[in-house]
1. Using the Karplus equation 6.51 cos²θ - 1.76 cosθ + 1.60 (θ = phi - 60°), what ³J(HN,Hα) coupling, rounded to whole Hz, does each residue of region 712-729 give in order, writing x for Gly and Pro?
2. What is the mean projected area of the alpha carbon convex hull for region 249-352, to one decimal in square nanometres?
3. List the lysines whose Cα lies under 25 Å from the Cα of LYS393, skipping any in the same chain that are fewer than 8 positions away.
4. Evaluate the Debye formula for region 403-483 with equal point scatterers sitting on the alpha carbons, no solvent, and hand back log10 of I(q)/I(0) at q = 0.24 Å⁻¹, in q order, two decimals.
5. Roughly how many percent of the accessible protein surface of region 1-109 is carbon and sulfur, given a 1.4 Å probe and a whole-percent answer?
6. How large is the charge dipole for region 705-772, taken about the Cα centre, if only the Cβ atoms of Lys, Arg (+1) and Asp, Glu (-1) carry charge, to the nearest 20 debye?
7. Between ARG382 and GLU56, what FRET efficiency follows from the Cβ-Cβ distance if R0 is 22 Å, with the result rounded to 0.05?
8. Could you calculate the FRET efficiency of ARG559 with ALA303 from 1/(1 + (r/R0)^6), where r is the beta carbon distance between them and R0 is 45 Å, rounded to 0.05?
Amino acid sequence: METRIWLAQPAADWLEGLPIGNGRLAAMVLGGIKRERLALNHEWLWRGTHRDRDVEDRAHLLPAVREALLAGDYDEGTRLGNEAFGGDGGISGRPNRVDPYQTAGDLYVELAHGATSGYERALDLDTGIASVSYHTSLLGGPGATVRRSAMAHLTRDLLLLHIEAGGAPLTGAVSLDRLFDPSCVVQRRVEGDLLTLRGDIAGGVSFTVSARLCLTGGRLCPVDGSKLGFADATGVLVAINIAVAWDGGEPVAEVPELTAEAWPALRDEHLGAYREQAGGVRLTLNQPASALPTDQRLLGARAGRADLGLAALYLHYGRYLLHASSALGELPANLQGKWCEDLNPAWECDLHQDINLQMCYWLAEAGDLSEATEALFRYLERALPHAREAAAKLYGCRGIWLPIQTDPWGRSTPESAGWAVWVGAAAWLAQHFWTHWEYTLDRTFLRERAYPWLREVAAFYEDYLVTDEDGSLQVVPSQSPENTFEGVDPRYPVALCVSATMDLALADELLTHCVQASALLGVDADRRRHWQSMLAALAQPGIDLDGRLAEWDHDVVEREPGHRHISHLYALFPGDQITPDSTPELFAAARASLDARIAAQDAQRSGDTGWSLAWYACCYARLGDGDKALEVLTKLFVKYTTGSLLDLHPPRIFQIDGNLGGAMAIAEMLLQSHGGRLRLLPALPTAWPEGQVRGLRARGGLSVDLLWRAGQLLRATLVAHRDTEVMLHDPDGRLLLATADRSQIWPKREGAWVRFDVVPGGIYRVTVDSSR
């Protein structure tokens, strides 16, 4: 089973570390031998100097921007749009006001011993425990095997590090430290068995890191005001808590009294919670387990050696990272999840809302981590008040507007001039509310949380869309994130236009879901009719002369044919408006567009990133091409992955979205349920002829297990959690359906599909009639 990442040497740098987390607290375990480092984080530790920033009244400038764009003057419209709504940051020459995510500091543990052998560090995805072990001669004693185990405890809400050497005595020291930051006053103290590090960022937040040192045997030996030593202990337990105060209060990081002897009970308590929350999905590709360390396996893949198990490991790791970023959290995963070692991380390690944040949560529902979305929804709901203010001040609209990039303070301000003039973020994030409803069929959630958010976004579109001279509703200004075309001043990285294909797809999807939700709930009949009329008038995407799905509303010369974003394919994935059944011409055009984008990247040998390859793989899975999806995923593994499997953005920056999006691509290759239709093994690569997966989730409240041989489905098991109807793809008429007691089900056939009803708790067997 591919549930273990392991390496035979300590991490050379932070990027090679092993992450642990519980959503609120996080640490990167580097596995040093004589000096272990845990790089510490707290989800609310952002610099906090701009948490009250605001927007200016700019709506009066909108007519001039629209006039230029509707007249076809995209250069002038782009200039005016950026002057009006671009804000600071980006190309403005002024700093943006997005607060960067911050390191809380580092915990160091020094051990006194001799030379070592047999080193191994590992992350067990079945337990959420990172471990280090090696053999050494201890100070003043015989040889022993040192074992260190680190976890982010799910019930105690603490970071725990346990060290033992099979009963041999351990001597060393523990300390807390942090990178020098001229804007942060740091105080360190040692009192008894407790170390503390207090930080006060000028004009920003305050925080405290507390670490309690518990021993089995031995004694504490204070070294100085910042380091606590220990001697002759047969067991060491370090319990860590972090607190952040951003509202004027005191950051109190309490650490309860514990004993090192309590480690087995603490571990078992954590394991029970972890397995209940995160143990649902397992993929096996029937390949002998590799005996090589993970980094060596990646080197083999780069050399062209097949390693089917890497895909299974990547899926399991993606689920682990999402759970570790969200479990007890109040905030969603940022660009690096909840891990960061820097004071000025790339892109502020922000919440990026034009693909990255959304990609982080694609896996949540299908990957049986639905609870992980709670942190996302709570963050979005906190943003509502200022998002309403921003919509009114910037664009003169009701409803809400969200920016491309932001931080956790719930402020909707444009902070990336050249990129910021875009209105699609709120609609894209609305998809996650709707998707949660589709998977759970939780009517209370639909009524109290999903529909109110959808309705807010719809109110914005009601005011923002404009009717052109042909009577079509258009999105103006619009952009295809983060792309441009010739004819617009190249100092602007993004071209503004009329109704980029992605913006049309977002408006269409949002209004469609509003119509469906209001009908399901029996509310807002008048608004529902208005939304239906808007849908009927909304402009439609086109197909270029070369057969590609058009990215913009007019013929253009692409400035960067191999651009990393494929926003115009939104309706293919993660949307579901483009399918082979409902829109065959657009489906073929989407394929042509994706092929051309990748061909251009290959020709210029640049343009892709880890996260973009994950998106391409998801799209190929939707296109039913498992071989191409796996080819793209393999490129992600070999080109944009550290030895510890963290995803990279060029030149060498950790971005968690590639990990989570890549994992979602694997899930999509095995199971799809969009559009109310269930597809089993819809994009199975020929390189995976045998395998099984258990625990995937499908829309309609279904759990699905699959078993296949010789590239064909052998058996599927569906477990229903809601009362619903299933529409199952059966193009050859070979599927046999039965209940758990083997009573045959006679479904209704509709072309290539069969329909049947399921009830909560029902177990349904799907087999294949081999005689046909």
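1. Each residue's phi maps through the Karplus curve to give 10, 4, 9, 7, 9, 10, 10, 10, 8, 10, 9, 7, 7, 10, 9, 10, 10, 6 Hz.
2. Details: hull surface 45.4 nm².
Convex hull of Cα atoms, orientation-averaged projection: 11.3 nm².
3. Cα-Cα hits under 25 Å: none found.
4. Values returned for q = 0.24 Å⁻¹ are -1.16.
5. C and S fraction of accessible area: 49 percent.
6. Value, rounded to 20: 200 debye.
7. 0.50
8. 0.80
The values are calculated or read from the model by the stated rules, or taken from the named source; none is laboratory data. Worth saying up front: this structure is predicted, and the values here are computed from it rather than measured. Positions of Cβ are generated from backbone atoms using ideal geometry, with glycine treated the same way; all protein chains shown enter the neighbour counts. The area values use the complete protein model at the heavy-atom level, side chains included, leaving out ligands, DNA and RNA. Shrake-Rupley method; radii C 1.70, N 1.55, O 1.52, S 1.80 Å.
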